[in-house]
Amino acid sequence: MFNNYEIHSKVLNKTRSLWAKNFLSFTKSQKIDRDFWDNLEEILYTSDLGSDLCNYLIERLEVISKEKKIHETNDLINVLKNEMVKIIDLPFDFSINSSNIPKVFLIVGINGVGKTTTIAKLANYFKNKGNKIILGAGDTFRAGAIEQLKIWGDKININVVSHQEGSDPAAVAYDTVNAAISRKLDIAIIDTAGRLHTKINLMEELKKIKRSICKLIDQKQLNVLLVLDSTIGQNGLAQTENFVSSLGCDGVLLTKLDGSSKGGIIFSVVKSFNTPIWFMGTGESLSDIVQFNPNYFVENLFSSNEN
């Protein structure tokens, strides 16, 4: 059984390999001078942090190194690690209360990021913690999406509310939450489409779903969670901006990190949109999901060990 540190270490192998290649020889040989700062900026940029975040970190490190009179490279790297943890260490709360009002997770994201599989993993995660759950097949647009969620529901023995393909997804969401309330369930997790004819249509449809849900529960019981594919790197910022600006996302579920070296995108997403990472997908099976831990994540980026 992996502990949290070991899971983060395992899933970060590819990203860590990139960081190790960039940082390990650098930290052993450089003294802190102008060339050092130029080289560090280049390394941060090639580690997929993006220019704005690189500039922010360089400025922070320059200030701190002067204030604390830091002259050793390794000491400064420790400061860098602390600053990186601060960026991604945002509070989030997915606790399930004991009232008869369910917690509702509305799962959004573009097609191909792994929304439906992530929903199954999330449902299995909460079920294993003793929660009673229902799923809503709100992606009525993509062919086969409803059946795919039903198959997952059968595998983990969780009911799925569905309508016909092409039906109103807001009605599916409403019926799912209504069923959760009437059956006194703990959690409702609702799938959504990732593509309609235009981006505007998609966002308006998602807003309608959100309004439909809030006819039944207080908005504080609703969490909008964005599923983000880590393999797309900095392109994930544009996706996040679209969903955050339209819906006000409460958190990010990061997928495919085990197959990507672009884990640095996490820092830009959190810093730019003040949106915390909730969970990471760590593989293909139902159990391959782990609650995000900022300290473990950063510590593993700078580790030379692969598990």
Legend entry - Acute angle (nearest 10 degrees) that the helix 51-67 long axis makes with the longest principal axis of the chain, alpha-carbon atoms: 50 degrees
Inset, instruction - Sort out for me the Cα centre separation of region 126-164 from region 179-251, rounded to whole Å. - result: 16 Å
Legend entry - Partner lysines for Lys256 [C-alpha distance under 17 Å; skip if fewer than 8 residues away on the same chain]: Lys10, Lys14, Lys115, Lys121
Legend entry - Label zone at Asp89, where the point sits 7 Å out along the Cα-to-Cβ direction: region 277-305 residues whose backbone N lies under 17 Å: 277-278, 292-302
Legend entry - Protection-proxy order for peptides 61-68, 106-113, 131-138, each taking the mean of Cβ atoms within 10 Å per residue, highest first: 131-138, 106-113, 61-68
Legend entry - On Cα atoms only, tilt of 169-182 relative to the major axis of the chain in degrees: 80 degrees
Legend entry - Cα-based helix-to-principal-axis angle, 145-156 vs the chain, degrees rounded to 10: 80 degrees
Legend entry - For the chain, share of DSSP beta bridges that run antiparallel, in % to the nearest 5: 10 percent
Inset, instruction - Whole Å is fine, so just give me how far the alpha carbon centre of region 28-74 lies from that of region 269-304. - result: 24 Å
Legend entry - Net charge of Cβ neighbours under 15 Å - reference Glu204; Lys, Arg +1; Asp, Glu -1: +4
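Throughout, read-outs are computed from the coordinates displayed, never taken from laboratory work. This structure is a prediction, so every number in the text was calculated from the model and none was measured. Quick reminder, even Gly has a Cβ in these numbers, built from the backbone with ideal geometry, and neighbours come from all protein chains shown.
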